[in-house]
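Report on the structure given below.
The values are calculated or read from the model by the stated rules, or taken from the named source; none is laboratory data. If you're wondering where the values come from, they're calculated on a predicted model, not measured in any experiment. Methodologically, a virtual Cβ is constructed for each residue, glycine included, from the backbone with ideal geometry; neighbour enumeration extends over all protein chains shown. In case anyone asks, the SASA skips ligands and DNA or RNA and just uses the protein heavy atoms, side chains included. Shrake-Rupley method; radii C 1.70, N 1.55, O 1.52, S 1.80 Å.
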Amino acid sequence: MNLLLSAHADDIAYSLGGALLKGYISQITATLVTVFQRGLYVPYARPKASVEEASAIRDAEDLAYAAKVGLKHKGLGLRDVTLRGYPDLEDSIFTVTDYRQDPGAVESIETIQSFLDEQTEMTRLWVPLAIGNHIDHVLLLKAVLGWKAKPELEVIFYEDVPYAGFEELDSIETWVQQVIGSAEAEIIDISEQFEKKLKNLEIYGSQVSQDDIDLVKLHARRIVPGLAVERVWRRKKRLGE
């Protein structure tokens, strides 16, 4: 079973939407897991929505996307950054230097790890690399890296789009080595699926802007000239493993 961990509603559509359309990830046995499900961020739908209203809007979009691409859906119900005391969404959520100082760090990590412990049929786990240093993405990554996975579990790390579009390619490679160690990239050609991937992002209309779409296009088209791609990373195996 494929388990696709998504910090928020929309992250899988941004980062692996093309791979799903291509059939690179088998939807038959795949579940989209949205971790930080409760929040206030729906700027293009209802900017002054309550937590309940905003969370319901995001959940509805997430369920619609999962149905569109044939995924099962699960939510963990954790509070996102908009409910954990950060002063703004432009700077402070990207500049945390020690994730353990986040007010929800313990609750978040324990909830994620407990959930993973229950996934006895999981064979592949898809995890964000936290490129861009969004604290919610960092907490999700740290929870997985600190969790004792079974040796046979295949863990695949994906690049966080659209945030990856702000970074230089060499900076992304440096980040990967820093957070997961020696790793190999796999490039997934989604040229034929790219326009449909972009169309599917419209499902998340409450939170996706044209600037976000432009970053998706930029990152997809700069890795291999002439193609649109997504990129995932796997840790290199050590001798004897």
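The table below lists the values:
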{"item": "Accessible surface, per residue, of the chain when the full set of protein chains is kept, probe 1.4 Å, Å²", "result": "47"}
{"item": "Other-chain or far-sequence residues with amide H under 5 Å of Ile156's (modelled H)", "result": "Leu125, Trp126, Val127"}
{"item": "Among 61-67, 194-200, 1-7, 93-99, the order from most to least packed when residues are scored by Cβ within 10 Å on average", "result": "1-7, 61-67, 194-200, 93-99"}
{"item": "Percent carbon-and-sulfur accessible area, the chain, ignoring ligands, DNA and RNA, probe 1.4 Å", "result": "50"}
{"item": "The range 52-200, dipole about Cα centre (Lys/Arg Cβ +1, Asp/Glu Cβ -1), debye to the nearest 20", "result": "480"}
{"item": "Electrostatic dipole magnitude of the range 149-241 [Cβ: Lys, Arg +1; Asp, Glu -1; Cα centre; debye, to 20]", "result": "300"}
{"item": "Listed pairs Lys142/Lys217; Lys72/Lys196; Lys22/Lys72; Lys68/Lys217 exceeding 23 Å between Cα atoms", "result": "Lys142/Lys217"}
{"item": "Span-rule helices in the chain, defined as complete DSSP H runs reaching 30 Å or more along the axis (Cα) with Kyte mean at least -0.5", "result": "none"}
